[in-house]
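Q: For reference, the structure I am asking about is given below.
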Amino acid sequence: MSARAVFLDRDGVVNVDHGYVGRWQDFEFVPGAVDAMQRLHEAGWRLVVVTNQSGIARGYYSEADYEALTARMKAELAAAGAPLAGVYHCPHHPKGTVAAYTRDCGCRKPAPGLILCAAQELGLSLADSVLVGDKASDAEAARAAGVGRVVLVADGAADAALADATAPSLAAALAASLIQPSRSIPAARSAST
C-alpha cells in the first residue's frame with residue numbers, strides 16, 4: 001500500500017522566506033513549523049520538501065551551498081523528531097545567469113515534476129496526500145500532480161481560490177485540522193488564528 005505524505009514548500013512554510021536563502025546562517029524555521037512537522041510525523045505522515053531554488057540558477061548561491069543547508073536542515077528536523085522522507089528541489093530558472101541551470105524544465109513549480117518524482121521514488125499515494133505551500137505555483141503543481149488536498153499558508157492565502165483551505169502557517173493549519181486525507185475531510189474551510 002502506498003504511503004501518504006505532506007508535501008511542504010520550503011521557503012515560507014518550513015523556514016522564514018528572507019529571499020533566496022542559500023546558507024544556514026540565513027535559515028530560520030517558521031515559528032511552530034518544527035513542532036507541527038513532528039506531530040505530523042507521529043501521526044504517520046511522510047514529510048517531503050518540494051522547493052524551487054532559482055537562487056542557484058541566478059548565481060546567488062551554489063548547488064553545494066544548497067546541499068550543505070539541506071543536510072543541516074534535515075539533521076535538525078531529525079533530531080527534533082520530524083525526519084524528512086525526502087527533499088526535492090529545482091535549481092533551474094529560464095532567466096538564470098548560470099548557464100548549466102538556465103532553462104525551462106518540468107520540475108520548477110508550477111510544473112508537477114518534483115512531486116511526481118517524489119511520489120514515484122518514495123511510493124506515495126498522491127490522492128491521499130496533502131501539499132502545504134505559500135504560493136499559487138505550489139497549488140498549481142499539486143493540482144497537476146493529482147495531490148488530494150492543497151493548503152496555502154501565509155502569503156498564499158491571497159490565492160485561496162486555488163486551495164482547499166488556507167491558514168496563517170503550517171502550525172495553524174495543523175491546529176485547525178486542515179491537514180488530513182482528502183477522502184475524509186469536510187468541505188473546504190479556512191483557519192483564523
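The values are calculated or read from the model by the stated rules, or taken from the named source; none is laboratory data. Computed from a predicted model, the values in this text were never measured in an experiment. Heads up, the Cβs are rebuilt from the backbone with ideal geometry, glycines too, and the neighbour counts pull from every protein chain shown. Just so you know, the surface numbers come from the protein's heavy atoms only, side chains and all, with ligands and any DNA or RNA stripped out. Shrake-Rupley method; radii C 1.70, N 1.55, O 1.52, S 1.80 Å.
Q: Report the residue count in region 33-45 for those that are farther than 15 Å from Asp17 by Cα and out of contact with any Gly (no Cβ under 8 Å at 6 or more places or on another chain).
A: 9
Q: Go through region 167-182 and report how many residues are closer than 20 Å to Pro31 by Cβ and not in a loop (DSSP other than H, G, I, E, B).
A: The number of residues fulfilling the criteria is 7.
Q: Tell me which strands (runs of 3 or more DSSP E) are completely within region 75-166 and hold 1 or more residues being surrounded by 15 or more Cβ atoms within 10 Å (Cβ to Cβ) and without any contact (Cβ under 8 Å) to a residue 24 or more places away in the chain, or say none if there are none.
A: The strands (runs of 3 or more DSSP E) meeting that bar are 149-153.
Q: Which number in (1) modelled with pLDDT of 95 or more; (2) open to solvent by 30 Å² or more (accessible area, probe 1.4 Å); (3) not in a helix (DSSP H, G or I) marks the one condition that Pro186 misses?
A: Here Pro186 clears every test but (1).
Q: Here is a check on your reading of the model: is Gly59 on the phi > 0 side of the Ramachandran plot, free of Cβ contacts under 8 Å to residues at least 40 places away in the same chain and out of contact with any Asp or Glu (no Cβ under 8 Å at 6 or more places or on another chain)?
A: So Gly59 passes the test.
Q: Inspect region 1-14 for any residue being free of Cβ contacts under 8 Å to residues at least 40 places away in the same chain and open to solvent by less than 60 Å² (accessible area, probe 1.4 Å) and give the result as yes or no.
A: no
Q: All but one of (1) among the basic types (Lys, Arg); (2) more than 14 Å from the chain's Cα centre (by Cα); (3) closer than 28 Å to Gly146 by Cα hold for Arg58, so report the exception by its number.
A: Of the numbered conditions (1) among the basic types (Lys, Arg); (2) more than 14 Å from the chain's Cα centre (by Cα); (3) closer than 28 Å to Gly146 by Cα, the odd one out for Arg58 is (3).
Q: Further question: List pairs: first residue in region 25-51 and more than 25 Å from Leu122 (Cα to Cα) and in a helix (DSSP H, G or I), second residue modelled with pLDDT under 95 and of a type outside the set (A, V, I, L, M, F, W, C) anywhere in the structure, Cβ distance under 6 angstrom, at least six positions apart or on different chains.
A: These pairs meet every condition: Asp26/His18.
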